[in-house]
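Enquirer: Below are the structure tokens for one structure; questions will follow.
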Amino acid sequence: MLDKKYQVFISSTFIDLKNERDNIIKAILEMYHIPIGMEMFSAEDEDQWEIIRRTIDISDYYILLLGLRYGSETSEGISFTQKEYEYALERKVPILAFLLDEKAPLSQDKRDNDLNKINQFRNTVLRNSKMSDFWTNCDELTKKVSIALMKQIMQKPGIGWIRGDQGISPELSEELTLLSKENRSLREKVIDLESKISPKKPILEVTINHQSELILNFTKQNIKQIDLPKKLDINTIEKHLKPFIEQKDIDEYNSNLPTQEEIDQYNIEKVTWHHINNSSQNLLFEICNSGTVKANEVFVTIKFPKEVQIVEIDEISEFKLPKYPLPSNPIAKAQQEYEKQQNKGLILGSFLSNSNILTAQLTPSYNSLARIHRLNQNYWTKLDDNTVTLKLNSLLHTRCKVFDDEYKIVPLKSGEFEVQISFICEEYEKEIVTFLPLKIIEEKL
């Protein structure tokens, strides 16, 4: 029997469980197996999560230690420990989970003030992990880990590692060589036969702006946002302004205040308007058929992510700055009347700047339903909910068709995203879906 060594990945928060990790690493080494955890990784230029992911992939068992600290969080809003656990669960690596008993004595620096997240994680582990246990101190934990790991190895042996000289016998090596030659010969015959009987088909591809990866520049605008003001109360108005303001003015102002949703929508539309006028770029779509036959009744659907907005070029002029949603402030008017009476001739700009009435809504005045652009009887385009559909009656093999001067793309947020492209034609048995990378680079003003 081959002497196998099993790799065991140890996952936990680090500082509060350092002593427990050290003892478990020592116990695994005494069992002549291979413990591995974050403290064993050297600093590299490679993305840290990529290293962790590959390490879990080649591990035979996964040990999870949970205390009462949730740990530092990833950009996804979950802790690194939970992300490792969910990946091991997804990859079906056998998981041995050990949770600290909540009644166990523990210093304050080893527990979170808010236990909500760690308790949710602990409950998730208890639901998903059949092999879980509780511990109260380091010695008890080490013993339980050793026993549970030994049982798991006996009941469900992993792939493991063996010495190179034990991996394959000379006889087996010779047999594998012969089988490999036979397999290669058979594959060549299969390829030759398939080339003779496989039907000819069109091969459709799309590029956007002649790029295999669409790259856009995004200029972030420093646009002042407005907040929802509080309602006015006549009792809080300064004494010298009260002769110039009535309760009905206050009531009218309060009743005309917008909702928070209307304020948020105004801010979004204002930012979008600025992006349309400063960061938009023309779109050019090119459909090519690199296959061996003509494609008939071609539909290409190009779905853009929400981080960009697609608009029609001939409708750009109809996009207006959104209407300022706040009503005129009666206190500003009262202040103005008061100062007129004092013959100062000044207007309190700080109030009036918040009561200017701007122009119409961002939404264009035309009907928002998707409209088909019939370029001619053989092809047309349509924009509907950030998705562009291109239709061709046919496309000969080795030929391309360009669609341009119809749409603009407006970047709204920097980052890396994907554009989903779907193809269907009479010659395809099912829809073919591909993805084109979209990179939006932020430029500083």
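The values are calculated or read from the model by the stated rules, or taken from the named source; none is laboratory data. The model shown is predicted, which means the values in this text are computed figures rather than measured ones. Note that we place each Cβ from the backbone using ideal geometry, even for glycine, and neighbour counts take in every protein chain shown. Just the protein is used for accessible areas: all its heavy atoms, side chains included, with ligands, DNA and RNA removed. Shrake-Rupley method; radii C 1.70, N 1.55, O 1.52, S 1.80 Å.
Enquirer: Taking Cα atoms, how many degrees apart are the long axis of helix 260-278 and the longest axis of the chain, rounded to 10 and kept between 0 and 90?
Expert: 80 degrees
Enquirer: Then there's this: Using a 1.4 Å probe on the protein chains only, how many percent of the accessible area of the chain belongs to carbon and sulfur?
Expert: Roughly 51 percent, rounded to a whole number.
Enquirer: Sticking with this one: Using a 1.4 Å probe and counting only protein heavy atoms, arrange Lys181, Lys239, Lys270 so the residue with the most accessible area comes first.
Expert: Descending order: Lys239, Lys181, Lys270.
Enquirer: Angle, helix 170-197 long axis vs. longest principal axis of the chain, Cα atoms, 0 to 90°, nearest 10?
Expert: That helix lies at roughly 50 degrees to the long axis.
Enquirer: Hey, another quick one. If the reach is capped at under 30 angstrom between alpha carbons, list the lysines near Lys103, excluding any in the same chain fewer than eight residues apart.
Expert: List returned: Lys18, Lys26, Lys83, Lys117, Lys130, Lys143, Lys144, Lys151.
Enquirer: Hey, another quick one. Step through the residues of region 123-133 one at a time and calculate ³J(HN,Hα) from phi using the Karplus curve (6.51 cos²θ - 1.76 cosθ + 1.60, θ = phi - 60°), rounding each to whole Hz and writing x for Gly and Pro.
Expert: Per residue, the Karplus-derived 3J(HN,Hα) values read 5, 4, 5, 5, 6, 8, 9, 5, 9, 9, 8 Hz.
Enquirer: What do you reckon, how do Phe80, Phe304 stack up by accessible area (1.4 Å probe), largest on top?
Expert: Phe80, Phe304
Enquirer: Ok, one more. Report, by chain and number, residues whose modeled amide H sits under 5 Å from the one on Glu427, excluding near sequence neighbours (fewer than 5 apart, same chain).
Expert: Asn296
Enquirer: Any idea what the dipole of the chain comes to, in debye rounded to 20, about its Cα centre with Lys/Arg Cβ at +1 and Asp/Glu Cβ at -1?
Expert: 420 debye
Enquirer: What Cys residues in the chain are without a partner cysteine, judged by a Cβ distance under 4.7 Å?
Expert: Flagged as lacking a Cys partner: Cys138, Cys425.
Enquirer: Now for a different question. Less than 23 Å apart at the alpha-carbon level, and either on another chain or at least 8 residues along: which lysines does that give for Lys439?
Expert: Lys220, Lys303, Lys306, Lys408, Lys413
Enquirer: Separate question: How many angstrom lie between the Cα centre of region 128-163 and the Cα centre of region 379-420?
Expert: Answer, in whole Å: 55.
Enquirer: May I ask you to derive the FRET efficiency for Glu213 and Lys151 from their Cβ-Cβ distance with R0 = 41 Å, giving the value to the nearest 0.05?
Expert: According to the calculation, E is roughly 0.25.
Enquirer: Provide the gained length on full extension for the span Glu238 to Lys92, in nm with one decimal, where the gain is 0.36 nm per separating residue minus the Cα-Cα distance.
Expert: 45.6 nm
Enquirer: Moving on. Sequence neighbours fewer than 8 away in the same chain don't count; with that in mind, list the lysines whose C-alpha is under 24 Å from Lys200.
Expert: List returned: Lys189, Lys294, Lys391, Lys401, Lys430.
Enquirer: Right, another one. For region 179-329, what is the charge dipole size about the Cα centre, in debye to the nearest 20, if Lys and Arg each add +1 at the Cβ and Asp and Glu each add -1 at the Cβ?
Expert: About 740 debye.
Enquirer: If you don't mind, there's one more thing I want to ask. Which value, in Å to one decimal place, does the Kirkwood hydrodynamic radius take for the chain when every pair of different Cα atoms is included?
Expert: 29.5 Å
Enquirer: What are the ³J(HN,Hα) values, in whole Hz, obtained from phi via the Karplus relation 6.51 cos²θ - 1.76 cosθ + 1.60 with θ = phi - 60°, for each residue of region 14-29 in sequence order, with x given for Gly and Pro?
Expert: Ordered by residue, 3J(HN,Hα) equals 9, 4, 6, 10, 4, 4, 5, 4, 4, 5, 5, 4, 4, 5, 5, 5 Hz.
Enquirer: Nearest 10 degrees is fine. How inclined is helix 330-341 to the longest principal axis of the chain, computing both from alpha carbons?
Expert: The answer is roughly 40 degrees.
Enquirer: Karplus couplings for region 78-87 from phi (6.51 cos²θ - 1.76 cosθ + 1.60, θ = phi - 60°), rounded to Hz, Gly and Pro as x?
Expert: Here the 3J(HN,Hα) series is 10, 6, 4, 4, 5, 5, 4, 4, 5, 5 Hz.
Enquirer: In addition: Quick check on the chain: helices-only [θ] at 222 nm, where DSSP H runs of length 4 and up contribute -39,500 (n - 2.57) each and the sum goes over total residues. Nearest 500, please.
Expert: -10000 deg cm²/dmol
Enquirer: For Leu126 and Glu205 in one chain, what is 0.36 nm times their gap in residues minus the Cα-Cα distance, to one decimal in nm?
Expert: So the extension gain works out to 23.6 nm.
Enquirer: Another question, if that's okay. Can you put Ile78, Ile147 in order of accessible area, largest first, using a 1.4 Å probe?
Expert: Ile147, Ile78
Enquirer: Residues of the chain: accessible area per residue at 1.4 Å, in Å²?
Expert: 61 Å²
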